[in-house]
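Shown next, in structure tokens, is the structure this report addresses.
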Amino acid sequence: AKKQGRSRVALHDEAIQNAYLKKIKLRDKLKAALRAGRLQVHYQPVVCTCTGKISKFEALIRWFDDEFGAISPAYFIPIAEEFGLIHLIGQYVLETSCRDLAMLHQAGFKHISCSINRSINEFKTSNNQVELIPAEIERFGLPYDAITIEVTESMAANKYTWQVLEALSELGVQIALDDFCTGYSSLSNLIENQVDFVKIDKSFVDSMGVDHNKQVMVKCLIDLSSQLGIKVIAEGVEQPEQQQMLSDFGCHLMQGYIYSPARPILECLEMLKQHEHV
Ligand code: C2E
Ligand code: CA
Ligand code: CA
Ligand code: CA
């Protein structure tokens with residue numbers, strides 16, 4: 001038994017080491033990809049429930065590696081955070097989004113805005129988002145409210161983060177509370193902090209049809225947000241039944257594969273042009 005125990009420990013160590021080596025390899029590949037400008041930004045439309053028209057886009061980072069294929073941001077963003085690369089990714093997404101959005105505005109779609117995601121580490125005191133974000137917006141001649149910053153609720157717990165967000169909000173930059181209803185959701189985050197959008201997480205949208213209590217909660221959240229002047233975006237809408245229910249509840253905006261996944265900017269421009277002709 002003792003012998004077996006020891007080999008199990010060895011196996012366990014080996015598994016940890018392999019996972020670590022894979023992470024290191026990915027870190028190096030990510031560094032190289034960033035340096036070579038091989039990361040891309042795709043955009044997922046967010047559609048207005050009432051008009052059925054595209055209101056904004058969410059910028060989502062994309063990485064295609066020759067060896068590993070498409071690597072999900074859900075996997076590499078945490079690695080980027082761990083190894084101090086998240087600022088580079090954030091800056092790249094910010095710059096690319098502002099440039100691409102300016103192009104859409106020049107093409108006549110001035111009402112379109114764009115959301116970018118921000119991770120907790122990007123709001124550490126050393127990183128000056130209060131200056132970096134407005135600087136890029138100004139560089140591309142966009143109005144401040146054309147950009148929305150999406151932060152998760154776990155970030156809302158951090159005081160400094162809210163100071164930064166408040167300063168951005170005063171300029172007119174929009175703030176969205178991402179992945180709401182997951183983790184330690186707190187209504188005080190909605191009431192105390194001045195966010196412009198709240199995003200209902202896909203897991204909640206999915207459970208709506210099967211869990212009556214969750215359905216009630218979604219409806220109440222939409223009612224509460226509406227009364228507070230906050231717009232609700234439902235995420236990951238895939239089924240017509242979900243779309244119908246959310247619409248009945250008065251959900252302002254929807255995003256999901258039922259409309260479109262994230263696409264390259266030129267395809268988004270085509271989507272907008274087609275919408276205008278309907
Ligand atoms: P998120 O911010 O919650 O983004 C929504 C995710 O749901 C995206 O996954 C999107 O492609 C996916 N999605 C949208 N509609 C549907 C649907 O109808 N069905 C399904 N199954 N999925 C849908 P993605 O692009 O893989 O991104 C995963 C997460 O990675 C994001 O979650 C966000 O937390 C993070 N992320 C992505 N891009 C960035 C970035 O530029 N910066 C930072 N900090 N994080 C990012
Ligand atoms: Ca998001
Ligand atoms: Ca989300
Ligand atoms: Ca999410």
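Count, please, the residues in region 99-128 that happen to be more than 16 Å from ligand 3 (Cβ to nearest atom) and either in contact with a strand residue (DSSP E or B) (Cβ under 6 Å, 6 or more places away or on another chain) or assigned to a loop (DSSP other than H, G, I, E, B) (or both).
Summing the residues that are more than 16 Å from ligand 3 (Cβ to nearest atom) and either in contact with a strand residue (DSSP E or B) (Cβ under 6 Å, 6 or more places away or on another chain) or assigned to a loop (DSSP other than H, G, I, E, B) (or both) in region 99-128 gives 13.
Out of all the residues in region 241-255, is one or more open to solvent by less than 40 Å² (accessible area, probe 1.4 Å), free of Cβ contacts under 8 Å to residues at least 40 places away in the same chain and within 16 Å of ligand 3 (Cβ to nearest atom)?
Within region 241-255 (the criterion being open to solvent by less than 40 Å² (accessible area, probe 1.4 Å), free of Cβ contacts under 8 Å to residues at least 40 places away in the same chain and within 16 Å of ligand 3 (Cβ to nearest atom)), the answer is yes, since at least one residue qualifies.
Every residue, every condition in (1) among the acidic types (Asp, Glu); (2) out of contact with any Lys or Arg (no Cβ under 8 Å at 6 or more places or on another chain); (3) closer than 28 Å to residue 129 by Cβ; (4) in a helix (DSSP H, G or I), yes or no:
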| position | (1), (2), (3), (4) |
| --- | --- |
| 7 | no, yes, no, yes |
| 11 | no, yes, no, yes |
| 18 | no, yes, no, yes |
| 25 | no, yes, no, yes |
| 52 | no, yes, no, no |
| 59 | no, yes, yes, no |
| 97 | no, yes, yes, yes |
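Residue by residue through region 73-113, note down the ones that are among the charged types (D, E, K, R) and surrounded by fewer than 17 Cβ atoms within 10 Å (Cβ to Cβ).
81, 82, 95, 99, 110
The values are calculated or read from the model by the stated rules, or taken from the named source; none is laboratory data. For clarity, every value in this text was computed on a predicted model and none was experimentally measured. Note: ideal-geometry Cβ built from the backbone for every residue, glycine included; neighbour counts use all protein chains shown. Note: areas computed on protein heavy atoms with side chains; ligands, DNA, RNA excluded. Shrake-Rupley method; radii C 1.70, N 1.55, O 1.52, S 1.80 Å.
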